[in-house]
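This report concerns only the one structure given below.
The values are calculated or read from the model by the stated rules, or taken from the named source; none is laboratory data. Quantities reported herein were computed from a predicted structural model and do not represent experimental measurements. All Cβ positions, glycine included, derive from the backbone under ideal geometry; neighbour counts span all protein chains shown. Accessible surface areas use protein heavy atoms only, side chains included; no ligands, DNA or RNA. Shrake-Rupley method; radii C 1.70, N 1.55, O 1.52, S 1.80 Å.
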Number of protein chains: 2
Amino acid sequence: MRIGELATKTGVSVRALRYYEEQELLGAVRSGGGQRHYADTAVERVELIQLLYAAGLSSRTVRDLLPCVDSGVSTPQSRAVLAGERDRIDRQIAELTRAREKLDTIIAATSAPNPACPYVN
Amino acid sequence: MRIGELATKTGVSVRALRYYEEQELLGAVRSGGGQRHYADTAVERVELIQLLYAAGLSSRTVRDLLPCVDSGVSTPQSRAVLAGERDRIDRQIAELTRAREKLDTIIAATSAPNPACPYVN
DNA sequence: CTAGAACCTGACGCTGACGTCAGATGCAAG
DNA sequence: CTTGCATCTGACGTCAGCGTCAGGTTCTAG
């Protein structure tokens with residue numbers, strides 16, 4: 001599978017895939033002419049990378065964790081990183097939940113008929 | 001209240017407060033010498049800005065919404081923005097939840113005793 | 001064999017929310 | 001009056017995850 005096909009299958013850009021390789025997140029074998037060829041499993045790998053990015057992990061952190069995912073074995077350090085990121089995500093969810101509640105409050109407050117000027121709405 | 005005091009009270013930097021003014025998110029009256037002076041309500045205002053930032057809103061969006069918060073009145077446009085941001089936050093929470101589950105899976109998989117090498121753990 | 005689509009390697013550009021530094025001024029205490 | 005901390009205005013620096021462009025090469029269909 002070449003890079004264009006992987007890009008369309010995963011929905012990420014060709015540039016991004018090359019960036020992942022540069023960051024050592026995604027390996028590829030090279031053809032004689034130097035073109036990248038990917039295994040089928042690369043699709044899941046890219047999706048995992050995207051998921052972790054969306055969760056706020058840096059490429060550095062992802063790079064450190066991927067070997068651990070592949071091997072199924074974690075070191076005390078990687079366990080600490082994993083737990084730390086999980087807690088950070090928990091806090092972020094809590095913050096987002098608060099923000100959503102705040103937005104709901106604003107929506108309710110501004111959508112309600114204005115008592116001082118009832119015909120505005 | 002001068003800028004340094006507001007900074008310590010809210011936990012954000014002096015630079016950030018000046019940036020908020022530049023983005024028209026936070027007003028201040030000036031003393032004769034040009035120094036900024038803030039009302040007590042500025043503390044809540046800054047906390048609101050931080051909350052919205054943390055939720056992924058841009059300063060542009062926050063600027064558009066603040067008048068609506070202050071006046072208690074929303075326009076159809078601002079209602080659309082509010083609803084859109086709320087939905088985006090919902091999707092983001094869902095994504096984070098998925099990521100957390102994935103991390104939990106990884107933690108469980110790598111922390112479990114390795115069947116091929118049981119004494120590693 | 002050849003056209004042209006897909007791919008390659010640099011390398012610079014972009015964005016947002018500030019950090020940071022320089023040099024000048026304001027303000028309260030002694 | 002002076003010391004010295006707080007504040008001021010500009011303006012450049014940062015960082016990550018790519019976008020984009022230039023100029024050259026590889027692969028595949030006909």
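Here the scattering of the protein assembly as shown is modelled by Debye summation over its C-alpha atoms, one equal scatterer each and no solvent; at q = 0.15, 0.16 Å⁻¹ the log10 of I(q)/I(0) is -1.08, -1.14.
Picking from B:Ala108, B:Ala16, B:Ala55, which is most flexible by a Gaussian network model of chain B using Cα springs under 10 Å? In the Gaussian network model the winner is B:Ala108.
Expressed as a fraction of 2.2 N^0.38 Å, the C-alpha radius of gyration for segment B:1-57 is 1.07. The heavy atoms of A:His37 present about 60 square angstrom of accessible area, all protein chains included, probe 1.4 Å.
Please report the base-10 log of the normalised intensity I(q)/I(0) for chain A, using a Debye sum with one equal scatterer per alpha carbon and no solvent, at each q in 0.09, 0.13, 0.17, 0.19 (1/Å). For the requested q values the scattering log ratios are -0.44, -0.67, -0.91, -1.04.
Accessible surface of segment B:1-57, 1.4 Å probe: 46 percent of it comes from carbon and sulfur atoms.
In segment B:45-73, the residues whose accessible area drops by at least 20 square angstrom when the other protein chains are added to the isolated chain are B:Leu48, B:Leu51, B:Leu52, B:Ala54, B:Ala55, B:Val69, B:Gly72, B:Val73; the probe is 1.4 Å and only protein heavy atoms count. Using a Gaussian network model of chain B in which every pair of alpha carbons under 10 angstrom is joined by a spring, one finds that among B:Leu66, B:Leu52, B:Leu103 the greatest mean-square fluctuation is at B:Leu103.
Only Cα pairs under 8 Å and 6+ residues apart enter the sum, and on that basis the relative contact order of chain A stands at 17 percent. Distances between equivalent label points of A:Gly4 across the copies, with each point positioned 7 Å along Cα→Cβ, amount to 6.3 nm, shortest listed first.
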